[in-house]
Structure formats: structure tokens, C-alpha cells
1. Sort GLU31, GLU125 from largest to smallest accessible area, using a 1.4 Å probe on the heavy atoms of the protein chains.
2. Which whole-number percent is the relative contact order of the chain (Cα, under 8 Å, 6+ apart)?
3. Heavy atoms only, 1.4 Å probe, whole protein assembly: order GLU120, GLU2, GLU223 by accessible area, highest first.
4. Under 10 Å, Cα contacts only: if you run a Gaussian network model on the chain, which one of HIS47, HIS119, HIS13 comes out with the highest mean-square fluctuation?
5. Out of the total accessible area of the range 1-127 (probe 1.4 Å, heavy atoms of protein only), what percent is carbon and sulfur?
6. Could you sort SER12, SER190 by accessible area so the largest value comes first, with the probe set to 1.4 Å?
7. Between TYR209 and ASP139, 0.36 nm times their residue separation minus their Cα-Cα distance comes to what?
8. Roll a 1.4 Å probe over the protein chains and send me the accessible area per residue for the chain in Å².
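The values are calculated or read from the model by the stated rules, or taken from the named source; none is laboratory data. Computed from a prediction, not measured in an experiment: that's the story for all the values here. Cβ sites come from the backbone with ideal geometry, for glycine too, and all protein chains shown count toward neighbours. For the accessible areas, the whole protein counts, side chains as well, though only heavy atoms, and no ligand, DNA or RNA atoms are used. Shrake-Rupley method; radii C 1.70, N 1.55, O 1.52, S 1.80 Å.
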Amino acid sequence: METKQFSTIHLSHLGVSDVYALFRETVEVAEPVQSAIGDMAKAIYTHLVADTIAMGTPLKLAQKNALTSEVKTLDNDRDTELDDIKRDIIYFSKGRDTNKKAAAERLKIVFDPYWNITHEALNTETKSIDTLMAKYTADKAIQADAALIGIDTKLTTLQTKNAAFAAAYKSRTSEVGNKTADGSASSFRSAATKSYNDFCTAIEQAVSYAPNDTINTLFNTMEQLRTRYNALATTPDKKPADTTAK
């Protein structure tokens with residue numbers, strides 16, 4: 001029997017909006033497979049859903065108040081650019097040119113953890129794009145593949161649009177409003193964190209003791225989420241400790 005465990009994620013070093021986004025994405029990937037995860041995990045999942053909704057309500061209200069037409073336009077601009085890049089990758093991965101096909105397939109692997117970031121919380125999406133671009137600018141092989149299928153200039157444009165969004169969002173968001181929203185969301189964070197950790201433990205046990213294809217896929221998807229969000233964590237000296245985090 002193979003015992004599986006999720007990698008460590010430093011939830012205490014993530015901001016409230018990032019933690020909420022992780023919990024929400026976990027809820028979304030688990031929702032279609034509830035019938036295959038076992039009664040205990042399903043019961044815990046129900047608590048996770050409720051706690052995540054409670055945590056997200058004040059964040060969504062603050063986000064709604066912060067979204068001027070300019071910010072909405074800039075968010076749509078970067079999402080459109082990213083969607084265009086994804087379409088090119090898919091197109092060339094199915095093409096007849098073997099060199100471009102291979103390059104696109106390699107790029108798909110690089111982009112895979114970031115494929116659905118347009119559905120993330122706005123601040124989380126900003127950080128995810130920054131992380132993706134950091135990988136791109138640090139790797140000559142990725143840059144060569146991007147140039148071969150003609151998305152190198154689009155990636156540069158994506159980086160510019162993401163920076164423009166970040167600046168506009170910051171300037172339009174009230175400091176007092178943010179503190180109020182974070183404080184309200186933080187009051188629900190402990191319960192949501194416990195439900196998330198309990199759910200992760202239940203999935204670990206299921207994949208170790210009663211594995212099936214659905215459980216294995218869910219485990220791997222949740223592990224990818226944990227890895228991606230842990231990359232957004234700040235250093236310990238920049239965030240207060242959260243003893244409830246796993």
C-alpha cells in the first residue's frame with residue numbers, strides 16, 4: 001500500500017484573498033466527484049463549501065466596490081490577451097509543423113498550472129501572471145518556444161497589461177475598505193482553514209486506503225493547486241503567524 005500525502009502549504013503566509021481563492025478552487029474541482037470520495041470526505045466537503053462561502057462574502061463586496069469601469073476594462077484586457085495566448089498554444093499543438101507542435105506541447109506543460117487563472121480572485125490572478133512571467137523571462141528555452149509559435153510579443157503585452165491592472169486596482173481600492181474586508185473575511189478564515197485541512201486529510205486517506213481513478217485525479221489536481229498557491233506565499237517575517245494553517 002502506498003501512503004500519499006499532500007505537500008506542505010504555508011497558508012499562514014498567504015493573504016486572505018489568496019487563501020479564499022485556494023479554498024474556492026478546491027471546492028470547484030471536488031464538486032463534480034462528490035459521489036466518489038466517500039461519505040466522510042463528502043460530509044467534510046459540505047462544511048468546506050459553507051465556510052468558503054462565508055469567508056468570500058465580504059471579499060466579494062469589497063471587490064465589487066473597488067471595480068470601476070477602468071479596472072474592469074483592464075482586467076478584461078489581460079484576460080483577453082491570456083485567452084489569445086492559450087488559443088495559439090492549442091492551435092499549434094494540433095498543427096502539422098512538427099517543430100511548432102513540439103514547442104506548443106512544451107509550452108502547454110509550462111502554462112498548465114496557470115490555465116484557469118482568469119477565474120481567480122483579482123489580486124491572486126495578478127500574482128499568478130507575475131509568477132508565470134517570471135518563469136518565462138528566466139528560461140531561454142521557454143522564450144525560444146514562445147518565439148517559434150509567435151506568442152513572445154503577446155506575452156510581453158500580457159505582462160504590460162497585468163502591471164497596468166495592478167496599478168489601477170491599487171489606486172482604486174480604499175485602504176480603509178480593504179482593512180474592513182480583510183478583517184471581516186479573517187473572522188471566517190479559521191473555520192474555513194480547518195475545513196480545508198480536514199478535507200485534505202480525508203482525501204489523503206481515501207487515496208491511500210481506497211484509491212480509484214477519480215480519487216487519484218482529485219488528489220493530483222488538489223496537489224497542483226497547493227503547489228501553485230504556495231508559490232504565492234510571502235516570507236514568514238512579512239506575515240503574522242496562523243496556527244490553524246497546515
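1. GLU31, GLU125
2. About 46 percent, as a whole number.
3. GLU2, GLU223, GLU120
4. Result: HIS119 has the largest fluctuation of those listed.
5. 52
6. SER190, SER12
7. Difference between extended and current length: 21.2 nm.
8. Accessible area per residue: 52 Å².
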